[in-house]
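Here the structure is laid out as structure tokens; the discussion comes afterwards.
The values are calculated or read from the model by the stated rules, or taken from the named source; none is laboratory data. This one's a predicted model, so the numbers in the text were calculated from it and none came from an experiment. Don't worry about glycine lacking a Cβ; one is built from the backbone with ideal geometry, like all the others, and counts go over all protein chains shown. Heads up: the accessible areas ignore ligands, DNA and RNA and are worked out on the full protein's heavy atoms, side chains in. Shrake-Rupley method; radii C 1.70, N 1.55, O 1.52, S 1.80 Å.
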Amino acid sequence: MNIAESPLVRFSGVHKSYDGSTLAVRALDLDVRRGEFLTLLGPSGSGKTTTLMMLAGFETPSGGEILFDGKPITRTPPHRRNFGMVFQNYALFPHLTVGDNVAYPLTVRRVAAHERASRVAAALEMVRLGGMAARRPDQLSGGQRQRVALARALVFDPAIVLMDEPLGALDKQLREHMQMELKDLHRRLGVTFVYVTHDQSEALALSDRVAVFNDGALQQVDTADRLYEEPANRFVAGFVGDNTALDGRIAAVQPEFAEVALDCNATLRGRLVGSAVSGAAVQVAIRPERIALRDTTRPNSIGATVEDIVYLGDHVRVRCIVDEKTTAVVKQPIAAGPPPAIGARTHLEFPAEHVRIYA
Amino acid sequence: MTAADAGIENMRSALRRDARRRTAAALLLTLPLLAFLLFTFIVPIGALLLRAVDNPEIARALPGTIAALRGWDRESRPPAAAYAAIVADLQALREQSDAGTLARRLNTEVGGARSLVMNTWRALPLPATTDAAQVHAQLIGIDPRWDEPWIWQAIAKNGSRLTPDYLLAAVDLRRTVEGSVESVDADRSAFRRILMRTFSIAAIVTVLCLLLAYPLAWWLSTMTARRANALLIVVLVPFWTSILVRMAAWIVLLQSGGIVNQSLAAAGLIDRPLALLFNRTGVVIAMVHILLPFMVLPLYSVMKGIPRDYVRAAVSLGSHPLAAFVRVYVPQTYAGVAAGSLLVFILGIGYYVTPALLGGPEDQMLSYSVAQYANVHLDWGMACALGGVLLTATLLLYAIYRRLARMEPALA
């Protein structure tokens, strides 16, 4: 295997337990590729932060090995790992100026004063905070503090930069702005970023690849589009993006596809994910924008009644009642024509190639 | 004026009215406390400071003499009018206690003045005469010491209702007969030494408290709030015991046959008992014990508010955990260190009972001298002057702290 293809970081069979009985992270096998922007995504308590902290060295795995550049670092103390880290609350040292904060990792590494000054200036320039070096952290806005934290984590040319929900404390507009800056910075520097968030839209917007965690286990690692279009299981389908899900049982299995008899007395055909035998309880899932509203019945469609319509500018969200226990949400682009009236009878067409059936 | 201007003017006056109403409400709500502070704190302290410069006895008893001595060079013979004036002034003193007060006050200035004044007062009244020379002769006839300059010098020096003498004496200075200020002889100086001793004991206690409290407070701050509160109660238990009981306990523990010495001897660390009592060691041990909570509490409250991410961030940036602690954590606790140290030091310089019970004569602090003058010598002027020195020192320290806090915002 040549160097460029070997992973920068490899988690090999890593697990972590805090109390000895429950596992915060179980049987984790994950590669971080050189130069990529990898996001660890999951709900709180899913193990994503624990994974990041094990990589940073603040938590020790209960088992397994973490390799950096092929060498085990499981027992390396955090200050010898040479990883940059950005914390959720920025953790800027309040008693130091912005410049001294950024210079901190350089003073620790005994970089000569003149070189230190030029590198600090360059790092602050990079995050567009040139001229702010004399300020104190409490004189900065949230976005500026975030950038100082970034400059501080990057100034010593770390091998990898770890970020623990760094944009969580910012308001929505600033967050979206900072996402663009982060992505731009990553492209320019080519440094490997490992990013933790619980916000799936942030993960999709930023990352080269996303690792989805739930309940301590890695669910899927993939690019944003594949994660969205081809979720590996029910959890990923439900957690990443909007999802319309219907319960049923397998009626017939074909190569790659299956027929499902829904609990609401209709049959749908879709792509079978994994394997299932006839009669097994399954979930039929589809992205709401893949469902088409039709006036007449079509192949692979079910009848429904329009319950509610929400206008959202670029699309309308139509909530339909299939039967008293089942509702289905449809996203219809504005360009697709006027939405049906509330209370109207409609037919929901499910294109079979976009329907995914999860065991 | 347009209608809009009038509207703005109306709004302004309404806002002003509202602000006045709020100020009045705030005043009304704090009035009871202000009154309480005024009568229990500000007025007594003011009276105490006045006492330190108050010198009423001679000015009240001898107004004529003082007037006659005005302009006297304090070396030559006093003017003849002074003899007549003192006879008149002394004759005007009806009660023996009035004469006694005057005699006692003059005697603190110069020895022998008491008998001179009382003998003279008892011999009065003199046969009436208007001839100044004759009055002089009669006075000398009662007591020839009236011809010596010292008694007149003492009267002239204390002619004013206010005197700096007590305050000067409290810092080992005195006024000469001519009115200039000089240091008292080295063998008679005491208060500067006591003041330095007071500060040095308070400083040692402060440093020891800081050394003991810092790790404890840090340990508490790493715990969950529940466990930390439970342990804080243990820290506070000494507060719930009477100070005398605690002193008695320390005497039992520290005496030469006490538990501490016995344990050390049993462990083979010492051959003969250490002197832990009735010396500086005992005073410092007991004061550290009493004052420790005042250091722990401010430190803990500051440390509790410091997120652990700071040290983690420093470590992730390549700092050794110990260096990260010193460079990143410790500076953020300066506010607690300053508050705790100030508290312990200021409380420490006012200590009285502990050195009195556990210290030797060379371990007594300034408060002991205050008590000595107030209770034993009944010299309220001196007691108040020493109290004033202590108060000034405390205020000065606080001012320095405020100055430092302005320069270093982390302290504020």
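Around the amide H of residue A:25, modelled in the peptide plane, lie the amide H atoms of A:16, all under 5 Å away and 5 or more residues distant in sequence or on another chain. Remark: the range A:1-152 projects, on average over all directions, an area of 11.0 nm² (convex hull of Cα atoms).
Peptides B:28-34, B:395-401, ordered by how many other C-beta atoms sit within 10 Å of their residues on average, highest first, read B:395-401, B:28-34.
Here the range B:139-211 is assigned +1 on the Cβ of each Lys and Arg and -1 on the Cβ of each Asp and Glu. Its dipole about the Cα centre then comes out at about 400 debye. Which percent of the accessible area of the range A:1-132 is formed by carbon and sulfur heavy atoms (probe 1.4 angstrom)? The nonpolar share, carbon plus sulfur, comes to 51 percent. Computed from Cα atoms, the angle from the helix B:225-236 axis to the main principal axis of chain B rounds to 30 degrees.
Quick check: net charge around residue A:120, other residues with Cβ under 11 Å of its Cβ, Lys/Arg +1 and Asp/Glu -1? All intermediate terms of the calculation are to be shown ahead of the outcome.
Numbers: positive: A:116, A:119, A:152; negative: A:100, A:115, A:125.
The answer is 0.
Between residue B:160 and residue B:128, residue separation times 0.36 nm minus the direct Cα-Cα distance comes to 8.5 nm. Mean projection of the Cα convex hull over all viewing directions, computed for the protein assembly as shown: 62.0 nm².
Net charge near residue A:178, counting Lys/Arg +1 and Asp/Glu -1 over other residues with Cβ under 14 Å of its Cβ?
Charge balance near residue A:178 sits at -1.
Using a 1.4 Å probe and counting only protein heavy atoms, how much accessible surface gets buried when A and B come together, both sides summed, in Å² to the nearest 100?
Values: alone 17040 and 23510 Å², together 38680 Å².
Summing both sides, the interface buries roughly 1900 Å².
The charge dipole of the range B:191-411, taken about the Cα centre with unit charges on the Cβ atoms of Lys, Arg (+1) and Asp, Glu (-1), comes to about 540 debye, rounded to the nearest 20.
Sorting check: for B:342-353, B:224-235, which peptide has the highest mean count of neighbouring beta carbons within 10 Å, and how do the rest follow?
Working: B:342-353: 20.1, B:224-235: 11.8.
Order by mean packing, descending: B:342-353, B:224-235.
Summarising the overall dimensions of the range B:191-411 from its C-alpha atoms, the Rg and Dmax are 20.3, 67 angstrom.
Against chain B, whose longest principal axis comes from its Cα atoms, helix B:334-349 is set at around 30 degrees. Rolling a 1.4 angstrom probe over the protein heavy atoms with all chains in place gives chain B an accessible area of 55 Å² per residue. Within the accessible area of the range B:191-411, what % is carbon and sulfur when the probe is 1.4 Å and the other protein chains stay in place? Its accessible area is 69 percent carbon and sulfur atoms. Note: the range B:59-155, Cα convex hull, 88 Å³ per residue. For the range B:170-177, backbone phi angles converted through the Karplus equation (6.51, -1.76, 1.60; θ = phi - 60°) give residue-by-residue couplings of 5, 10, 6, 10, 8, 8, 7, 4 Hz, Gly and Pro being listed as x.
When the other protein chains are added to the chain by itself, burial of at least 40 square angstrom of heavy-atom accessible area (probe 1.4 Å, ligands and nucleic acids ignored) affects these residues of the range A:85-112: A:87, A:89, A:93, A:94, A:95, A:104, A:108. Counting Lys and Arg as +1 and Asp and Glu as -1 over every other residue whose Cβ lies under 13 Å from the Cβ of residue A:335, the net charge comes to -1.
Note on the range B:15-96: dipole from Cβ charges, positive end direction compared against B:63, B:36, B:84; the farthest Cα belongs to B:36. Mean partner shielding of peptide B:325-335, defined as the number of other chain Cβ atoms within 10 Å of each residue Cβ, is 2.
Counting only aspartates and glutamates at least 8 places from residue A:183 when in the same chain, those with an alpha carbon closer than 12 Å to its own are A:36, A:202, A:208. Ratio of Rg to Rh for chain B: 1.15 [Cα atoms; Kirkwood radius as inverse mean 1/r over pairs].
Taking a probe of 1.4 Å, how large is the accessible area per residue of chain A, in Å²?
Numbers: 16110 Å² over 359 residues.
Spelled out: the 1.4 Å probe surface of chain A, per residue, equals 45 Å².
Rounded to the nearest 5, the antiparallel percentage of DSSP beta bridges internal to the protein assembly as shown is 75%.
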